[in-house]
Amino acid sequence: MASRRYPARQLYYDGEPRPSTAKRFFETIDPSTSKPLADVVCASPADVDAAIASASRAFPSWSKTPPAERARVLLRAVALLRARNDQLAAVETHDTGKPLSETSTVDVVTGADVLEYFANLVGGGGLNGETTQLREDAWVYTRKEALGVCAGIGAWNYPIQIALWKSAPCLAAGNTMVYKPSEVTPLHGQFLAELYTEAGLPPGVFNVINGGGDVGSYLTSHPRVAKVSFTGQVSTGQKVASSAAGGMKYVTMELGGKSPLIILPDVDLDIAVDGAMMANFFSTGQVCTNGTRVFVPKSLQADFEKRLLDKMQHVRMGDPTDMSTNFGPVVSAQHLEKVLGYIRHGIEVDKASLLCGGLKKPAAPSASADMGDGYWVQPTVFTNCKDSMRIVQEEIFGPVMCILTYEDVNEAVERANNTQLGLAAGVFTKDLNAAHKTVARLQAGITWVNSWGESPAEMSVGGWKMSGVGVENGRRGIEAWVRNKSTLVDMSGAVATAFSKL
Ligand code: NAD
């Protein structure tokens, strides 16, 4: 095999890296150069069975381990994640193309924060049930019990963060997990599994299998899987949720969006421009919650666009491992084609006005010897967009902002809500009343006022409408990983029977 930056990535179950029975491999690619990074072992159905069997064997003991002891193990993993932040961030940068300036400050950090949050939550009694005194000699109590073997399926944009956002509440609640990263960015999987083992997680509690949709489908429809937590596209989520429904499995679905960002007339325009840029160009636009429909008052359009064009000069494309770079390539050749296809459609069919960016390969990284074949695209802004345009209606998942103007806030809110998706939404204004009133009317599960994208461990996040089912993070996040048992205890010494002698 040709030389690779990383050794071949294995499957991981029973607490160790494992080869595949099928001896099939696929490559993971560095998007900034298009060069292979590692060969990745692809799981066969027999491998998935073995990983599930490993998770099943580990479940009885892990679920009975006292929450405080589970928390102690998970907190050791948190310490290891923080100690290895830069090394793991580099793995993510190589695999996703996202700048190290992002991955070293966001991806591993926010993953570790969530693991710490759920470890502390369960260690501090977060899984305690309720007791209700019914009568003097009778009461009801509830217990929150782990579900069993859970499947985690990841998308490619925030690989280790997604793996941690799923495994943290799952393992803290006493479940075991078989996790399948996206086949586009699988590098982190084995690193994370090894780190959990080093922290003291018993063999079989966290397992990793690699592969594409066929492997994901086999895992999520497996009869021994009690719950599926999925992050990905709406169309894939529909398939996964349908198959899970047949087996009455618990599901969490974190899916796509086309989120509206509404700028109110009283706004501080510089703040709004910063927000709109973060909502469109962070992670090269590959963020599920991106605010890609930017509603601007007609009277502010010219000023907004002028300030936006000024600030676009601060987008710095280049070697993603250079800490001054703040804009990387998109993740794959296939995704580059998709994003360029939307930009072409915006220009040629939708006939939106191109304010900046477009189809031309960006000059700087493309001219470099190493990065010339990378998947680079210009950050692109369309203006004078109409609600009916395809670029306004469909998730592009790339650095493409659509500016839409409005005359009246009610009209803006109505248009913002006129979509099947409901992941995120937000408003920029100095008027607190207007902010709360507007946010209250927006149909989305994740909303921001004068901010965009921050998703701390304490904040429950999840989509409305076609954007998903359930939430991750926050206190409510743990509920998705337990089932409730209610017990009525009667100590009166007699059963109130309907069948006594007359
Ligand atoms: P995708 O749906 O193509 O793939 C997601 C995962 O599903 C991959 O691991 C893939 O191998 C697996 N998969 C594919 N077919 C499957 C099947 N039939 N059964 C089981 N698993 C299957 O999504 P993607 O392109 O990797 O990710 C981008 C999408 O993810 C975007 O739509 C984005 O908005 C969404 N996303 C949502 C959130 C959120 O929290 N709401 C976060 C990140 C990304």
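Just so it is clear, none of the values below were taken in a lab; they were calculated from the coordinates. Remember, it's a predicted structure, so these values are computed and weren't measured experimentally. Neighbour counts are summed over all protein chains in view; Cβ atoms, including those assigned to glycine, are modelled from backbone coordinates with ideal geometry.
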Report summary line: Taking a crude spin-label model, label points 7 Å out from Cα along the C-beta direction, the ILE271 to GLU414 distance in nm is 2.9 nm
Query raised in the report: Can you list the aspartates and glutamates whose alpha carbon sits under 14 Å from that of LYS485, skipping same-chain ones fewer than 8 residues off?
Result: GLU130, GLU145
Query raised in the report: Where does helix 159-172 land angle-wise versus the long Cα axis of the chain, in degrees 0 to 90, nearest 10?
Result: 20 degrees
Query raised in the report: What are the lysines whose alpha-carbon lies under 25 Å from the alpha-carbon of LYS98, with same-chain residues fewer than 8 places away excluded?
Result: LYS35, LYS166, LYS180, LYS258, LYS311, LYS338, LYS360, LYS361
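Based on the Cβ-Cβ distance of GLN313 and SER34, what FRET efficiency does E = 1/(1 + (r/R0)^6) give at R0 = 22 Å, to the nearest 0.05? Walk me through the numbers on the way to the answer.
Values: r = 27 Å, r/R0 = 1.24.
For R0 = 22 Å, the calculated efficiency reads 0.20.
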Query - Relative packing of peptides 305-312, 415-422, 491-498, 200-207 - highest average C-beta neighbours within 10 Å first - result: 200-207, 415-422, 305-312, 491-498
Report summary line: In terms of the alpha carbon gyration tensor, root eigenvalues a ≥ b ≥ c, rounded if a/c is under 1.5 and otherwise prolate when a/b exceeds b/c or oblate, the range 355-486 is oblate
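What does the highest-first list of 125-131, 5-11 look like by mean Cβ count within 10 Å? Show your work: numbers first, answer last.
Values: 125-131: 14.1, 5-11: 17.9.
Packing proxy ranking, top to bottom: 5-11, 125-131.
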Report summary line: The extension gain from LYS437 to ALA367, computed as 0.36 nm times the residue separation minus the Cα-Cα distance, is 20.3 nm
Query raised in the report: Rounded to the nearest 500 deg cm²/dmol, what is the calculated helix-only ellipticity per residue at 222 nm for the chain, with -39500 (n - 2.57) per DSSP H run of length n ≥ 4?
Result: -11500 deg cm²/dmol
Report task. Quick one: order VAL330, VAL178 by neighbouring beta-carbon count within 10 Å, fewest to most. Result -> VAL330, VAL178
Report summary line: Per the rule of 0.36 nm per residue minus the C-alpha distance, extending GLN393 to LYS306 adds in nm 28.8 nm
Query raised in the report: Relative to the first principal axis of the alpha-carbon coordinates of the chain, what is the inclination of helix 108-123, with its axis defined by its Cα atoms, in degrees from 0 to 90 and to the nearest 10?
Result: 20 degrees
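In the chain, what % of DSSP beta bridges are antiparallel (nearest 5)?
Numbers: 32 of 69 bridges.
Bridges in the chain that DSSP calls antiparallel: roughly 45 percent.
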Requested in this report: Enter the angle in degrees (range 0 to 90, nearest 10) between the Cα long axis of helix 85-96 and the first principal axis of the Cα atoms of the chain, meaning the one along which they spread out most.
Outcome: 60 degrees
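For the range 138-253, what class follows from the C-alpha gyration tensor (a ≥ b ≥ c being the square roots of its eigenvalues): rounded when a/c is under 1.5, otherwise prolate if a/b is larger than b/c, else oblate?
Working: a/c = 2.00, a/b = 1.16, b/c = 1.72.
Oblate is the answer for the range 138-253, as a/c is 1.5 or above yet b/c matches or exceeds a/b.
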Report task. Measure out, as a whole number of angstrom, how far apart the alpha-carbon centroids of the range 42-70 and the range 338-357 sit. Result -> 48 Å
Report task. Provide the descending list of Cα extents for the range 1-113 along its principal axes, expressed in whole angstroms. Result -> 48, 38, 16
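Calculate, for GLN87 and GLU16, the FRET efficiency according to 1/(1 + (r/R0)^6) with r their C-beta to C-beta distance and R0 22 Å; round to the nearest 0.05. The partial results should precede the final answer.
Details: r = 21 Å, r/R0 = 0.95.
Result of the calculation: an efficiency of 0.55.
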Report task. Would you mind giving the average projected area, over all directions, of the Cα convex hull of the range 260-449 in nm² with one decimal? Result -> 10.4 nm²
Requested in this report: Based on the mean of other Cβ atoms within 10 Å per residue, sort peptides 244-253, 396-405 so the most packed one is first.
Outcome: 396-405, 244-253
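Let's see if you can work this out: charge +1 on each Lys and Arg Cβ, -1 on each Asp and Glu Cβ, no other charges. What is the dipole magnitude of the chain about its Cα centre, in debye to the nearest 20? Please report the intermediate quantities before stating the final value.
Working: 48 positive and 51 negative charges, 236 e Å.
About 1140 debye.
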Requested in this report: Please work out the FRET efficiency for the pair GLU348 and MET323, using the Cβ-Cβ distance as r and a Förster radius of 30 Å; give the result to the nearest 0.05.
Outcome: 0.20
Report task. Of the options GLY247, ALA272, MET389, report the single residue whose Cα projects farthest towards the positive end of the charge dipole of the chain (beta-carbon charges: Lys, Arg +1; Asp, Glu -1). Result -> GLY247
Query raised in the report: When the label point is put 7 Å from the Cα of ALA68 along its Cα-to-beta-carbon vector, which residues of the range 78-121 have a backbone N closer than 15 Å?
Result: 120-121
Query raised in the report: Between CYS356 and LEU502, what is the label-to-label distance in nm when each label sits 7 Å out along the Cα-to-Cβ direction?
Result: 9.0 nm
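With N residues in the chain, what two-decimal value do you get for its Cα radius of gyration over 2.2 N^0.38 Å?
Working: Rg = 24.4 Å, N = 502, 2.2 N^0.38 = 23.4 Å.
For the chain, the normalised Cα radius of gyration comes out at 1.04.
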